[in-house]
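Here the structure is laid out as C-alpha coordinates; the discussion comes afterwards.
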Amino acid sequence: MCSSTAAEPDMVVKNRLVGLLLWQSILSSLIFLVFTTMIATWRSPTAVFISFFSFHLSQLLFPVSLSTVLSPQPKFRRSLLVLLAAAAVSGFASAVSFYGANGRVGFKGFTSGLFYAFFYIYKRRWVLQFPIIQRPPFFSFKMGIPSAITRALKLSAAAYLFSALLLVFLPHHFNTDLKLGNSFAQHIISYAVIFSMFLCWELTHHLHQVLHTKRFVFAPPKGSAAAETNPSEPLLVALEESSPTSLLKYLAYLDLCMVCENNADYWRRAAFFEETGETYKRVAAVCLRPLEQLASKLVQGLEGSPDDKAYRISDQLQSSTNPRLNSKCYELLNNFQLYSWSARAIASLTAHSHNEDRFGVAQLSGSNAAVISTLIACLLAVETLMGKKSSLQPSHNSMGPFGIKLATFNTGRRDVGTGKRRDDPLYSKAYAMADVLRTSIYCIVSAFHHEMLTSAKAGLLEKDWITSGKPPFGTREFLLQKLHLFLDFQAS
(Lines give C-alpha, C1' and ligand atoms only; values in the text may rest on other atoms or scores of the structure.)
Protein backbone atom coordinates (compact mmCIF):
# COMPACT_ATOMS: atom_id res chain seq x y z
CA MET A 1 0.00 0.00 0.00
CA CYS A 2 1.41 3.35 -1.05
CA SER A 3 0.61 6.81 0.23
CA SER A 4 0.84 10.14 -1.47
CA THR A 5 1.06 13.83 -1.00
CA ALA A 6 -1.20 16.12 -3.00
CA ALA A 7 1.30 16.34 -5.86
CA GLU A 8 2.12 12.65 -6.22
CA PRO A 9 -0.98 10.94 -7.72
CA ASP A 10 -0.12 12.05 -11.25
CA MET A 11 3.16 10.11 -11.02
CA VAL A 12 1.78 6.90 -9.53
CA VAL A 13 1.43 5.04 -12.85
CA LYS A 14 4.88 6.10 -14.07
CA ASN A 15 6.53 5.15 -10.79
CA ARG A 16 4.92 1.73 -10.87
CA LEU A 17 6.13 1.17 -14.42
CA VAL A 18 9.69 1.97 -13.37
CA GLY A 19 9.42 -0.40 -10.42
CA LEU A 20 8.02 -3.09 -12.70
CA LEU A 21 10.95 -2.79 -15.12
CA LEU A 22 13.41 -3.16 -12.24
CA TRP A 23 11.72 -6.28 -10.88
CA GLN A 24 11.33 -7.70 -14.37
CA SER A 25 15.07 -7.27 -14.97
CA ILE A 26 15.83 -9.23 -11.82
CA LEU A 27 13.49 -12.06 -12.80
CA SER A 28 14.77 -12.30 -16.37
CA SER A 29 18.36 -12.31 -15.07
CA LEU A 30 17.62 -15.24 -12.79
CA ILE A 31 15.90 -17.18 -15.57
CA PHE A 32 18.77 -16.49 -17.98
CA LEU A 33 21.40 -17.58 -15.48
CA VAL A 34 19.54 -20.79 -14.65
CA PHE A 35 19.14 -21.62 -18.32
CA THR A 36 22.77 -20.94 -19.26
CA THR A 37 24.01 -22.90 -16.22
CA MET A 38 21.91 -25.98 -16.96
CA ILE A 39 22.02 -26.10 -20.76
CA ALA A 40 24.51 -23.72 -22.31
CA THR A 41 27.55 -24.17 -20.11
CA TRP A 42 29.77 -24.79 -23.16
CA ARG A 43 29.62 -21.11 -24.23
CA SER A 44 32.48 -18.71 -23.49
CA PRO A 45 32.08 -15.97 -20.84
CA THR A 46 32.15 -13.27 -23.53
CA ALA A 47 29.40 -14.97 -25.48
CA VAL A 48 27.37 -15.40 -22.31
CA PHE A 49 27.73 -11.69 -21.48
CA ILE A 50 26.67 -10.64 -24.99
CA SER A 51 23.73 -13.04 -24.84
CA PHE A 52 22.79 -11.74 -21.42
CA PHE A 53 22.81 -8.12 -22.61
CA SER A 54 20.83 -8.83 -25.78
CA PHE A 55 18.35 -10.98 -23.85
CA HIS A 56 17.72 -8.12 -21.42
CA LEU A 57 17.08 -5.69 -24.24
CA SER A 58 14.66 -8.08 -25.92
CA GLN A 59 12.83 -8.77 -22.67
CA LEU A 60 12.43 -5.05 -21.92
CA LEU A 61 10.58 -4.66 -25.20
CA PHE A 62 7.69 -6.85 -24.06
CA PRO A 63 6.86 -5.13 -20.71
CA VAL A 64 7.16 -1.67 -22.28
CA SER A 65 4.71 -2.62 -25.03
CA LEU A 66 2.50 -4.33 -22.48
CA SER A 67 2.32 -1.16 -20.39
CA THR A 68 0.80 0.67 -23.37
CA VAL A 69 -2.11 -1.76 -23.70
CA LEU A 70 -2.91 -2.66 -20.09
CA SER A 71 -6.21 -1.10 -19.07
CA PRO A 72 -9.01 -1.67 -16.54
CA GLN A 73 -11.48 -1.71 -19.45
CA PRO A 74 -11.63 -4.56 -21.98
CA LYS A 75 -11.93 -2.37 -25.07
CA PHE A 76 -9.94 -3.35 -28.14
CA ARG A 77 -7.42 -0.69 -29.08
CA ARG A 78 -5.05 -0.27 -31.98
CA SER A 79 -2.11 -0.33 -29.59
CA LEU A 80 -2.73 -4.07 -29.25
CA LEU A 81 -1.23 -4.44 -32.71
CA VAL A 82 1.98 -2.99 -31.29
CA LEU A 83 1.97 -5.85 -28.77
CA LEU A 84 1.89 -8.36 -31.63
CA ALA A 85 4.93 -6.85 -33.29
CA ALA A 86 6.79 -6.42 -29.98
CA ALA A 87 6.16 -10.03 -28.94
CA ALA A 88 7.36 -11.37 -32.30
CA VAL A 89 10.56 -9.29 -32.26
CA SER A 90 11.17 -10.03 -28.58
CA GLY A 91 10.66 -13.75 -29.19
CA PHE A 92 13.12 -13.79 -32.09
CA ALA A 93 15.78 -11.79 -30.20
CA SER A 94 15.36 -13.84 -27.00
CA ALA A 95 15.68 -17.15 -28.85
CA VAL A 96 18.79 -16.00 -30.69
CA SER A 97 20.27 -14.65 -27.43
CA PHE A 98 19.76 -18.00 -25.75
CA TYR A 99 20.85 -20.32 -28.53
CA GLY A 100 23.03 -18.21 -30.79
CA ALA A 101 22.68 -17.27 -34.47
CA ASN A 102 20.53 -20.19 -35.55
CA GLY A 103 17.85 -19.51 -38.14
CA ARG A 104 15.65 -22.40 -37.10
CA VAL A 105 15.57 -21.37 -33.43
CA GLY A 106 15.12 -17.71 -34.40
CA PHE A 107 12.13 -18.60 -36.57
CA LYS A 108 10.62 -20.62 -33.73
CA GLY A 109 11.13 -17.70 -31.38
CA PHE A 110 9.44 -15.35 -33.84
CA THR A 111 6.41 -17.59 -34.39
CA SER A 112 6.20 -18.39 -30.67
CA GLY A 113 6.11 -14.69 -29.89
CA LEU A 114 3.25 -14.21 -32.36
CA PHE A 115 1.46 -17.22 -30.89
CA TYR A 116 1.74 -15.84 -27.36
CA ALA A 117 0.57 -12.37 -28.41
CA PHE A 118 -2.47 -13.76 -30.24
CA PHE A 119 -3.36 -15.88 -27.22
CA TYR A 120 -2.87 -12.88 -24.93
CA ILE A 121 -5.21 -10.71 -26.98
CA TYR A 122 -7.78 -13.46 -27.55
CA LYS A 123 -8.08 -14.10 -23.80
CA ARG A 124 -8.16 -10.34 -23.07
CA ARG A 125 -5.39 -10.72 -20.57
CA TRP A 126 -4.48 -7.05 -20.95
CA VAL A 127 -7.46 -6.20 -18.73
CA LEU A 128 -6.35 -5.44 -15.17
CA GLN A 129 -8.16 -7.63 -12.64
CA PHE A 130 -8.29 -6.01 -9.21
CA PRO A 131 -8.12 -8.59 -6.41
CA ILE A 132 -10.89 -8.85 -3.86
CA ILE A 133 -8.36 -8.87 -1.01
CA GLN A 134 -5.45 -6.45 -1.10
CA ARG A 135 -2.27 -8.25 0.00
CA PRO A 136 1.33 -7.01 0.17
CA PRO A 137 2.89 -7.15 -3.32
CA PHE A 138 5.42 -9.83 -2.37
CA PHE A 139 2.75 -12.27 -1.18
CA SER A 140 0.48 -11.51 -4.15
CA PHE A 141 3.34 -12.18 -6.54
CA LYS A 142 4.40 -15.34 -4.72
CA MET A 143 0.87 -16.78 -4.91
CA GLY A 144 0.82 -16.39 -8.69
CA ILE A 145 4.17 -18.05 -9.46
CA PRO A 146 2.87 -21.67 -9.62
CA SER A 147 0.08 -20.74 -12.05
CA ALA A 148 2.55 -18.73 -14.15
CA ILE A 149 4.88 -21.74 -14.42
CA THR A 150 2.02 -24.08 -15.30
CA ARG A 151 0.68 -21.74 -17.98
CA ALA A 152 4.17 -21.21 -19.41
CA LEU A 153 4.63 -25.00 -19.72
CA LYS A 154 1.34 -25.44 -21.56
CA LEU A 155 1.77 -22.45 -23.84
CA SER A 156 5.37 -23.29 -24.69
CA ALA A 157 4.37 -26.81 -25.71
CA ALA A 158 1.58 -25.50 -27.94
CA ALA A 159 3.81 -22.79 -29.39
CA TYR A 160 6.59 -25.28 -30.10
CA LEU A 161 4.24 -27.52 -32.06
CA PHE A 162 2.82 -24.50 -33.88
CA SER A 163 6.26 -23.26 -34.89
CA ALA A 164 7.33 -26.78 -35.93
CA LEU A 165 4.34 -27.05 -38.26
CA LEU A 166 5.13 -23.69 -39.81
CA LEU A 167 8.66 -24.89 -40.61
CA VAL A 168 7.13 -27.22 -43.18
CA PHE A 169 6.19 -24.21 -45.31
CA LEU A 170 9.71 -22.76 -45.37
CA PRO A 171 11.62 -22.75 -48.69
CA HIS A 172 13.11 -26.20 -49.39
CA HIS A 173 16.74 -25.16 -49.43
CA PHE A 174 16.37 -23.15 -46.19
CA ASN A 175 14.52 -25.92 -44.44
CA THR A 176 17.03 -28.52 -45.52
CA ASP A 177 19.90 -26.43 -44.32
CA LEU A 178 18.29 -26.07 -40.95
CA LYS A 179 17.90 -29.83 -40.52
CA LEU A 180 21.57 -30.71 -40.96
CA GLY A 181 22.37 -30.67 -37.27
CA ASN A 182 19.00 -31.70 -36.07
CA SER A 183 18.89 -34.04 -33.07
CA PHE A 184 16.76 -34.89 -30.10
CA ALA A 185 18.96 -32.73 -27.84
CA GLN A 186 18.39 -29.72 -30.07
CA HIS A 187 14.63 -30.23 -29.82
CA ILE A 188 14.92 -30.24 -26.04
CA ILE A 189 17.03 -27.09 -26.07
CA SER A 190 14.75 -25.22 -28.45
CA TYR A 191 11.73 -26.14 -26.30
CA ALA A 192 13.61 -24.96 -23.20
CA VAL A 193 14.33 -21.66 -24.99
CA ILE A 194 10.62 -21.13 -25.69
CA PHE A 195 9.66 -22.15 -22.15
CA SER A 196 12.19 -19.75 -20.60
CA MET A 197 10.93 -16.94 -22.82
CA PHE A 198 7.27 -17.64 -21.97
CA LEU A 199 8.08 -17.92 -18.29
CA CYS A 200 9.63 -14.46 -18.37
CA TRP A 201 6.53 -13.09 -20.07
CA GLU A 202 4.13 -14.82 -17.71
CA LEU A 203 5.97 -13.48 -14.68
CA THR A 204 6.05 -10.03 -16.31
CA HIS A 205 2.29 -10.19 -16.86
CA HIS A 206 1.78 -11.25 -13.24
CA LEU A 207 4.00 -8.39 -12.07
CA HIS A 208 1.89 -5.96 -14.07
CA GLN A 209 -1.26 -7.26 -12.42
CA VAL A 210 0.22 -7.13 -8.91
CA LEU A 211 1.84 -3.71 -9.10
CA HIS A 212 -0.80 -1.86 -11.11
CA THR A 213 -3.75 -3.14 -9.07
CA LYS A 214 -2.12 -2.39 -5.72
CA ARG A 215 -4.02 0.14 -3.65
CA PHE A 216 -2.74 3.70 -3.71
CA VAL A 217 -3.70 6.00 -0.82
CA PHE A 218 -4.76 9.37 -2.19
CA ALA A 219 -4.15 11.27 1.03
CA PRO A 220 -1.40 13.30 2.67
CA PRO A 221 0.55 11.65 5.52
CA LYS A 222 -1.37 11.46 8.75
CA GLY A 223 -0.38 14.28 11.12
CA SER A 224 0.79 16.65 8.37
CA ALA A 225 -0.65 20.11 7.85
CA ALA A 226 -2.52 18.99 4.73
CA ALA A 227 -4.09 16.12 6.65
CA GLU A 228 -5.40 18.54 9.25
CA THR A 229 -6.85 21.04 6.77
CA ASN A 230 -8.13 19.19 3.68
CA PRO A 231 -7.18 15.49 3.55
CA SER A 232 -9.82 14.61 0.93
CA GLU A 233 -8.67 16.95 -1.83
CA PRO A 234 -6.10 14.62 -3.53
CA LEU A 235 -8.69 11.85 -3.74
CA LEU A 236 -11.43 14.13 -5.05
CA VAL A 237 -9.13 15.66 -7.65
CA ALA A 238 -8.22 12.20 -8.94
CA LEU A 239 -11.88 11.18 -9.04
CA GLU A 240 -13.13 14.31 -10.76
CA GLU A 241 -10.33 15.26 -13.14
CA SER A 242 -8.69 12.03 -14.31
CA SER A 243 -9.71 10.37 -17.56
CA PRO A 244 -12.75 8.05 -17.26
CA THR A 245 -10.80 5.06 -18.60
CA SER A 246 -7.50 5.78 -16.87
CA LEU A 247 -5.90 3.53 -14.30
CA LEU A 248 -5.61 6.53 -11.97
CA LYS A 249 -9.40 6.88 -11.75
CA TYR A 250 -9.82 3.18 -10.97
CA LEU A 251 -7.22 3.40 -8.21
CA ALA A 252 -9.04 6.43 -6.81
CA TYR A 253 -12.37 4.56 -6.72
CA LEU A 254 -10.66 1.59 -5.06
CA ASP A 255 -9.19 3.86 -2.40
CA LEU A 256 -12.55 5.57 -1.85
CA CYS A 257 -14.32 2.23 -1.48
CA MET A 258 -11.83 0.97 1.10
CA VAL A 259 -12.02 4.22 3.07
CA CYS A 260 -15.82 4.06 3.17
CA GLU A 261 -16.04 0.36 4.06
CA ASN A 262 -13.15 -0.09 6.49
CA ASN A 263 -12.40 1.53 9.83
CA ALA A 264 -8.62 1.58 9.37
CA ASP A 265 -8.83 5.06 7.79
CA TYR A 266 -11.52 6.43 10.05
CA TRP A 267 -9.94 9.89 10.09
CA ARG A 268 -10.25 10.12 6.31
CA ARG A 269 -13.90 9.07 6.34
CA ALA A 270 -14.64 11.55 9.12
CA ALA A 271 -13.27 14.30 6.88
CA PHE A 272 -16.07 13.60 4.38
CA PHE A 273 -18.59 14.82 6.95
CA GLU A 274 -17.05 18.27 7.41
CA GLU A 275 -19.38 21.07 8.48
CA THR A 276 -20.03 22.78 5.15
CA GLY A 277 -21.15 19.56 3.48
CA GLU A 278 -19.35 20.36 0.22
CA THR A 279 -16.95 17.41 0.53
CA TYR A 280 -19.81 14.97 1.11
CA LYS A 281 -21.69 16.31 -1.89
CA ARG A 282 -18.64 15.87 -4.11
CA VAL A 283 -18.08 12.31 -2.87
CA ALA A 284 -21.74 11.43 -3.41
CA ALA A 285 -21.67 12.94 -6.90
CA VAL A 286 -18.65 10.94 -8.08
CA CYS A 287 -20.19 7.73 -6.72
CA LEU A 288 -23.67 8.25 -8.16
CA ARG A 289 -22.57 9.47 -11.58
CA PRO A 290 -21.40 6.04 -12.88
CA LEU A 291 -24.55 4.35 -11.59
CA GLU A 292 -26.81 6.96 -13.18
CA GLN A 293 -24.95 6.54 -16.45
CA LEU A 294 -25.34 2.76 -16.24
CA ALA A 295 -29.11 3.01 -15.71
CA SER A 296 -29.62 5.60 -18.47
CA LYS A 297 -27.47 3.66 -20.95
CA LEU A 298 -29.36 0.47 -20.18
CA VAL A 299 -32.56 2.34 -21.02
CA GLN A 300 -31.05 3.34 -24.34
CA GLY A 301 -29.71 -0.17 -24.92
CA LEU A 302 -33.09 -1.72 -24.24
CA GLU A 303 -34.61 0.72 -26.74
CA GLY A 304 -37.72 1.51 -24.80
CA SER A 305 -39.19 3.23 -21.78
CA PRO A 306 -39.15 1.18 -18.59
CA ASP A 307 -42.38 2.82 -17.43
CA ASP A 308 -44.90 1.11 -19.69
CA LYS A 309 -42.89 -1.37 -21.77
CA ALA A 310 -41.32 -3.61 -19.18
CA TYR A 311 -43.00 -6.73 -20.54
CA ARG A 312 -42.01 -5.99 -24.12
CA ILE A 313 -38.40 -5.43 -23.08
CA SER A 314 -38.32 -8.63 -21.06
CA ASP A 315 -39.72 -10.63 -23.97
CA GLN A 316 -37.09 -9.05 -26.21
CA LEU A 317 -34.35 -10.06 -23.81
CA GLN A 318 -35.57 -13.62 -23.53
CA SER A 319 -35.27 -13.98 -27.26
CA SER A 320 -32.00 -15.59 -28.30
CA THR A 321 -32.07 -13.83 -31.70
CA ASN A 322 -30.97 -10.41 -30.53
CA PRO A 323 -27.15 -10.48 -30.53
CA ARG A 324 -26.91 -6.74 -31.09
CA LEU A 325 -28.76 -5.98 -27.87
CA ASN A 326 -26.71 -8.51 -25.89
CA SER A 327 -23.47 -7.12 -27.28
CA LYS A 328 -24.45 -3.55 -26.42
CA CYS A 329 -25.46 -4.38 -22.85
CA TYR A 330 -22.47 -6.68 -22.35
CA GLU A 331 -20.19 -3.80 -23.25
CA LEU A 332 -21.86 -1.66 -20.58
CA LEU A 333 -21.36 -4.27 -17.87
CA ASN A 334 -17.70 -4.70 -18.78
CA ASN A 335 -17.15 -1.77 -16.43
CA PHE A 336 -18.53 -3.85 -13.55
CA GLN A 337 -15.62 -3.16 -11.21
CA LEU A 338 -16.14 0.62 -11.26
CA TYR A 339 -19.90 0.29 -10.78
CA SER A 340 -19.34 -2.11 -7.90
CA TRP A 341 -16.92 0.23 -6.12
CA SER A 342 -19.27 3.18 -6.61
CA ALA A 343 -22.27 1.33 -5.17
CA ARG A 344 -20.35 -0.14 -2.25
CA ALA A 345 -18.64 3.14 -1.40
CA ILE A 346 -21.74 5.33 -1.35
CA ALA A 347 -23.79 2.67 0.46
CA SER A 348 -21.17 2.26 3.20
CA LEU A 349 -20.71 6.01 3.52
CA THR A 350 -24.47 6.54 3.82
CA ALA A 351 -24.74 3.79 6.43
CA HIS A 352 -21.83 5.20 8.44
CA SER A 353 -23.41 8.66 8.31
CA HIS A 354 -26.09 7.37 10.68
CA ASN A 355 -23.58 7.40 13.55
CA GLU A 356 -20.67 9.52 12.27
CA ASP A 357 -22.36 12.49 10.60
CA ARG A 358 -22.29 14.99 13.45
CA PHE A 359 -23.55 17.90 11.35
CA GLY A 360 -26.26 16.01 9.46
CA VAL A 361 -24.83 16.95 6.07
CA ALA A 362 -25.98 13.69 4.44
CA GLN A 363 -29.61 14.23 5.42
CA LEU A 364 -29.72 18.01 4.94
CA SER A 365 -28.15 17.86 1.49
CA GLY A 366 -30.72 15.35 0.26
CA SER A 367 -28.01 12.84 -0.57
CA ASN A 368 -29.68 9.97 1.27
CA ALA A 369 -32.75 10.10 -0.94
CA ALA A 370 -30.61 10.46 -4.05
CA VAL A 371 -28.51 7.46 -3.07
CA ILE A 372 -31.50 5.19 -2.39
CA SER A 373 -33.28 6.29 -5.55
CA THR A 374 -30.25 5.78 -7.77
CA LEU A 375 -29.38 2.37 -6.33
CA ILE A 376 -32.95 1.06 -6.66
CA ALA A 377 -33.35 2.51 -10.17
CA CYS A 378 -30.10 0.90 -11.23
CA LEU A 379 -31.18 -2.41 -9.68
CA LEU A 380 -34.49 -2.30 -11.57
CA ALA A 381 -32.62 -1.65 -14.82
CA VAL A 382 -30.27 -4.58 -14.26
CA GLU A 383 -33.12 -6.89 -13.26
CA THR A 384 -34.96 -5.93 -16.44
CA LEU A 385 -31.81 -6.79 -18.35
CA MET A 386 -31.85 -10.21 -16.68
CA GLY A 387 -35.41 -10.77 -17.90
CA LYS A 388 -37.07 -10.31 -14.52
CA LYS A 389 -40.52 -8.81 -14.96
CA SER A 390 -42.05 -6.29 -12.59
CA SER A 391 -45.32 -4.38 -12.68
CA LEU A 392 -46.87 -1.67 -10.57
CA GLN A 393 -49.35 -3.11 -8.08
CA PRO A 394 -52.55 -1.50 -6.74
CA SER A 395 -52.46 0.23 -3.40
CA HIS A 396 -54.46 -2.51 -1.65
CA ASN A 397 -51.54 -4.94 -1.37
CA SER A 398 -50.97 -7.15 1.63
CA MET A 399 -49.85 -5.57 4.88
CA GLY A 400 -46.47 -6.31 6.37
CA PRO A 401 -45.79 -7.16 10.01
CA PHE A 402 -45.30 -3.46 10.81
CA GLY A 403 -48.42 -2.29 9.06
CA ILE A 404 -46.54 -1.38 5.89
CA LYS A 405 -48.18 -1.91 2.55
CA LEU A 406 -46.02 -4.41 0.76
CA ALA A 407 -45.80 -4.05 -3.00
CA THR A 408 -45.09 -7.51 -4.31
CA PHE A 409 -43.89 -7.39 -7.88
CA ASN A 410 -45.68 -9.53 -10.41
CA THR A 411 -43.00 -11.98 -11.41
CA GLY A 412 -45.17 -14.41 -13.34
CA ARG A 413 -43.47 -16.12 -16.27
CA ARG A 414 -40.15 -14.50 -15.41
CA ASP A 415 -38.28 -17.79 -15.63
CA VAL A 416 -39.63 -18.69 -19.04
CA GLY A 417 -36.67 -18.19 -21.33
CA THR A 418 -34.45 -16.85 -18.58
CA GLY A 419 -33.31 -20.38 -17.79
CA LYS A 420 -32.02 -20.63 -21.32
CA ARG A 421 -29.72 -17.70 -20.65
CA ARG A 422 -28.16 -18.88 -17.39
CA ASP A 423 -24.90 -19.73 -19.14
CA ASP A 424 -24.83 -16.43 -21.02
CA PRO A 425 -21.89 -14.23 -19.89
CA LEU A 426 -24.23 -11.24 -20.02
CA TYR A 427 -26.56 -12.90 -17.52
CA SER A 428 -23.64 -13.70 -15.21
CA LYS A 429 -22.42 -10.11 -15.24
CA ALA A 430 -25.94 -8.76 -14.71
CA TYR A 431 -26.49 -11.20 -11.84
CA ALA A 432 -23.25 -10.10 -10.15
CA MET A 433 -24.15 -6.43 -10.59
CA ALA A 434 -27.65 -6.98 -9.18
CA ASP A 435 -26.16 -8.77 -6.17
CA VAL A 436 -23.83 -5.83 -5.43
CA LEU A 437 -26.68 -3.32 -5.76
CA ARG A 438 -29.02 -5.39 -3.62
CA THR A 439 -26.39 -5.78 -0.88
CA SER A 440 -25.65 -2.05 -0.99
CA ILE A 441 -29.32 -1.16 -0.54
CA TYR A 442 -29.68 -3.59 2.35
CA CYS A 443 -26.63 -1.97 3.95
CA ILE A 444 -28.42 1.39 4.04
CA VAL A 445 -31.80 -0.08 4.99
CA SER A 446 -30.26 -1.93 7.94
CA ALA A 447 -28.65 1.25 9.25
CA PHE A 448 -31.78 3.41 8.85
CA HIS A 449 -34.42 0.72 9.38
CA HIS A 450 -36.07 2.40 12.36
CA GLU A 451 -36.20 5.80 10.65
CA MET A 452 -37.63 4.30 7.47
CA LEU A 453 -40.32 2.41 9.38
CA THR A 454 -41.31 5.58 11.17
CA SER A 455 -41.55 7.46 7.87
CA ALA A 456 -43.56 4.63 6.32
CA LYS A 457 -46.09 4.61 9.17
CA ALA A 458 -46.47 8.38 8.82
CA GLY A 459 -46.85 8.10 5.03
CA LEU A 460 -43.64 10.07 4.44
CA LEU A 461 -41.39 7.33 3.10
CA GLU A 462 -41.63 8.59 -0.48
CA LYS A 463 -40.98 12.18 0.57
CA ASP A 464 -38.01 11.35 2.81
CA TRP A 465 -36.27 8.61 0.81
CA ILE A 466 -37.25 9.01 -2.86
CA THR A 467 -36.09 11.98 -4.91
CA SER A 468 -38.74 14.31 -6.33
CA GLY A 469 -37.25 14.24 -9.84
CA LYS A 470 -37.55 11.52 -12.45
CA PRO A 471 -35.28 8.56 -11.59
CA PRO A 472 -32.79 7.21 -14.14
CA PHE A 473 -34.95 4.11 -14.62
CA GLY A 474 -38.58 3.41 -13.78
CA THR A 475 -40.94 5.68 -11.89
CA ARG A 476 -41.11 6.95 -8.32
CA GLU A 477 -43.94 4.49 -7.65
CA PHE A 478 -41.75 1.58 -8.78
CA LEU A 479 -38.92 2.78 -6.56
CA LEU A 480 -41.23 3.12 -3.57
CA GLN A 481 -42.61 -0.39 -4.02
CA LYS A 482 -39.13 -1.81 -4.25
CA LEU A 483 -38.07 0.08 -1.11
CA HIS A 484 -41.02 -1.47 0.77
CA LEU A 485 -39.72 -4.90 -0.18
CA PHE A 486 -36.29 -4.03 1.17
CA LEU A 487 -37.84 -2.76 4.40
CA ASP A 488 -39.48 -6.14 4.89
CA PHE A 489 -36.26 -7.91 3.78
CA GLN A 490 -38.10 -9.62 0.93
CA ALA A 491 -36.22 -8.18 -2.04
CA SER A 492 -34.46 -10.88 -4.02
Inter-label distance for T150 and V82, nm, one decimal - labels placed 7 Å from Cα along Cα-to-Cβ: 3.4
Efficiency by 1/(1 + (r/R0)^6): what FRET value for A227 and I26, r their Cβ-Cβ distance, R0 = 41 Å, to the nearest 0.05? 0.70
What percent does the relative contact order of segment 229-304 come to when contacts are Cα pairs within less than 8 Å and at least six residues apart? 27
Most packed first (mean Cβ within 10 Å per residue), the peptides 62-75, 369-382 order as 369-382, 62-75
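Give the calculated FRET efficiency between H450 and E240 to the nearest 0.05, with a Förster radius of 45 Å applied to their Cβ-Cβ distance.
My answer for the efficiency is 0.80.
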Note to self: C-alpha centroids of segment 428-492 and segment 354-368 sit apart, in Å, by 18
Ignoring ligands and nucleic acids, what accessible area does W341 show with a 1.4 Å probe (Å², nearest 10)? 10
What order, most packed first, do the peptides 427-433, 354-360 have when packing is the mean number of other Cβ atoms within 10 Å of each residue? 427-433, 354-360
Pulled fully out, how much extra length does the chain show between R215 and N334, if you take 0.36 nm times their separation in residues and subtract their Cα-Cα distance? 40.7 nm
Given all pairs of different Cα atoms, what value in angstroms does the Kirkwood hydrodynamic radius of segment 178-252 take? 16.7
Between beta-carbons, use under 15 Å as the cut-off and find the net charge around K154, counting Lys and Arg +1, Asp and Glu -1. +2
With labels modelled as points extended 7 Å from the Cα through the Cβ direction, what inter-label distance (nm, one decimal) is found for S492 paired with F162? 4.7
Residue-wise, which Karplus ³J(HN,Hα) couplings in Hz belong to segment 475-492, taking 6.51 cos²θ - 1.76 cosθ + 1.60, θ = phi - 60°, and x for glycine or proline? 10, 5, 5, 4, 5, 5, 4, 5, 5, 4, 5, 5, 5, 8, 6, 10, 6, 8
Peptide ranges 153-161, 474-482 listed from the most packed, as the mean C-beta count within 10 angstrom indicates: 474-482, 153-161
Leaving ligands and nucleic acids out of the surface, order S29, S90, S296 by accessible area at 1.4 Å, largest first. S296, S29, S90
Compute the distribution of all C-alpha to C-alpha distances in segment 77-161, in bins of 10 Å from 0, and list the percent of pairs in each, rounded to whole numbers. 16, 38, 32, 13, 1
What is the calculated FRET efficiency for F359 to F138, with r their C-beta to C-beta distance and R₀ = 35 Å, to the nearest 0.05? 0.25
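The values are calculated or read from the model by the stated rules, or taken from the named source; none is laboratory data. If you're wondering where the values come from, they're calculated on a predicted model, not measured in any experiment. Glycine also receives a Cβ, built like all others from the backbone with ideal geometry; neighbour counts cover every protein chain displayed. For accessibility, only protein heavy atoms count, side chains too; no ligands or nucleic acids. Shrake-Rupley method; radii C 1.70, N 1.55, O 1.52, S 1.80 Å.
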